[in-house]
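A.B. asks: Structure in structure tokens, see below.
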Ligand code: ADP
Ligand code: NI
């Protein structure tokens, strides 16, 4: 089977799993992450394209935020990859990437080192959390979970543990920028992603400055 045929099957599998999500992890997010990873691959031709793009397609399919039974979801992914002819080693790499790329594992220092392919997928996922798309996703997510847009009386909490991060009772959308989104540019693995992140960072900083000025009606 060719790489493209296999990637089409992975695309279809991921789409069937992600279609109904309403928290900003829908298939549109997946497609952007795949496109960004493919863009980053141009600067890193030594990376394995099939593994990189397959991990990009699948990276949220077994996430505990999206599925109640992660073991069952993982088994389904394994069966699918086996049927597509992925070797045991290839599957191990894809699972290593999916299991260790999250922001909370980075925060807690519990993430295993990612191979280059995983670094590209992680950078692509983080790029899709920042910039104009990042702003839209944060507001969409905040609305879905009943967060306030902003509360000047609630200071952002930085340097949180995973438990604290998961337990933000009075999180606001604006605080999420300070607690996570503005920190992502310094967590990019690759120079190619750092370049893209710099522009997206400026977009968020402009947005936050405008937002606060309008909130205070200082303009
Ligand atoms: P990941 O995509 O790395 O799994 P998350 O599930 O934490 O990350 O986030 C998904 C999207 O929702 C991201 O764009 C993120 O910025 C946004 N988001 C996550 N938590 C919050 C929050 N408490 N308030 C607003 N937006 C959030
Ligand atoms: Ni993601």
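A.B. asks: Output the number of residues of segment 175-188 satisfying the condition of being surrounded by 18 or more Cβ atoms within 10 Å (Cβ to Cβ) and within 16 Å of ligand 2 (Cβ to nearest atom).
C.D. replies: Here the count works out to 5.
A.B. asks: For residues that are surrounded by 24 or more Cβ atoms within 10 Å (Cβ to Cβ) and part of a helix (DSSP H, G or I), tally how many sit in segment 118-136.
C.D. replies: Matching residues across segment 118-136 total 9.
A.B. asks: At least 1 residues that are at pLDDT below 95 and within 16 Å of ligand 1 (Cβ to nearest atom) in each: list the helices (runs of 4 or more DSSP H) lying fully within segment 1-61 that qualify.
C.D. replies: Where helices (runs of 4 or more DSSP H) fall fully within segment 1-61 and carry at least 1 residues being at pLDDT below 95 and within 16 Å of ligand 1 (Cβ to nearest atom), they are 3-18, 27-43.
A.B. asks: State whether one or more residues within segment 202-219 are modelled with pLDDT of 95 or more, surrounded by 14 or more Cβ atoms within 10 Å (Cβ to Cβ) and within 16 Å of ligand 2 (Cβ to nearest atom).
C.D. replies: For segment 202-219, residues modelled with pLDDT of 95 or more, surrounded by 14 or more Cβ atoms within 10 Å (Cβ to Cβ) and within 16 Å of ligand 2 (Cβ to nearest atom): absent.
A.B. asks: I've got another one for you. Could you say whether any residue in segment 56-65 is away from ligand 2 (no atom under 16 Å from the Cβ) and surrounded by 16 or more Cβ atoms within 10 Å (Cβ to Cβ)?
C.D. replies: For segment 56-65, residues away from ligand 2 (no atom under 16 Å from the Cβ) and surrounded by 16 or more Cβ atoms within 10 Å (Cβ to Cβ): absent.
A.B. asks: Moving on. Scan segment 116-153 for residues that are more than 12 Å from ligand 1 (Cβ to nearest atom) and at pLDDT below 95 and jot them down.
C.D. replies: Correct list: 151, 152, 153.
A.B. asks: Follow-up question, since we're still on this one. Test residue 68 against the criterion of being within 22 Å of residue 183 (Cβ to Cβ), more than 15 Å from ligand 2 (Cβ to nearest atom) and not in a helix (DSSP H, G or I), and give yes or no.
C.D. replies: Criteria not met by residue 68.
A.B. asks: What do you reckon, is residue 73 buried (at least 16 other Cβ atoms within 10 Å of the Cβ) and either at pLDDT 95 or above or not in a loop (DSSP other than H, G, I, E, B) (or both)?
C.D. replies: yes
A.B. asks: So residue 29 clears everything in (1) touching a helix residue (DSSP H, G or I) at 6+ places or on another chain (Cβ under 7 Å); (2) touching a residue at least 24 places away in the same chain (Cβ under 8 Å) except one condition, right? Which one?
C.D. replies: Here residue 29 meets the rest and fails (1).
A.B. asks: Turning to a different aspect of this structure: Please go through segment 71-94 and pick out each residue that is closer than 20 Å to residue 36 by Cα and within 16 Å of ligand 2 (Cβ to nearest atom). Spell out the reasoning first.
C.D. replies: Restricting attention to segment 71-94, the residues satisfying the condition of being closer than 20 Å to residue 36 by Cα are 93-94.
Matches in segment 71-94: 94 only.
A.B. asks: Might you let me know whether segment 103-113 holds any residue that is part of a loop (DSSP other than H, G, I, E, B), within 29 Å of residue 45 (Cα to Cα) and within 13 Å of ligand 2 (Cβ to nearest atom)?
C.D. replies: Within segment 103-113 (the criterion being part of a loop (DSSP other than H, G, I, E, B), within 29 Å of residue 45 (Cα to Cα) and within 13 Å of ligand 2 (Cβ to nearest atom)), the answer is no, since none of the residues qualifies.
A.B. asks: Of all residues in segment 3-26, which are farther than 20 Å from residue 200 by Cβ, in contact (Cβ under 8 Å) with a residue 40 or more places away in the chain and either buried (at least 16 other Cβ atoms within 10 Å of the Cβ) or within 15 Å of ligand 2 (Cβ to nearest atom) (or both)?
C.D. replies: Within segment 3-26, 6, 7, 9, 10, 11, 13, 14, 17, 18, 21, 22, 23 meet the criteria.
One line per residue, one yes/no per condition, for (1) modelled with pLDDT under 90; (2) under 15 Å from residue 107 (Cα atoms):
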| site | (1), (2) |
| --- | --- |
| 155 | yes, no |
| 163 | yes, yes |
| 167 | yes, yes |
| 170 | yes, no |
| 175 | no, no |
| 183 | no, yes |
| 188 | no, yes |
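The values are calculated or read from the model by the stated rules, or taken from the named source; none is laboratory data. Since this is a predicted model, take the numbers as computed values, not measurements. A quick note on method: Cβ atoms are made from the backbone with ideal geometry, for glycine too, and the neighbour counts reach across all protein chains shown.
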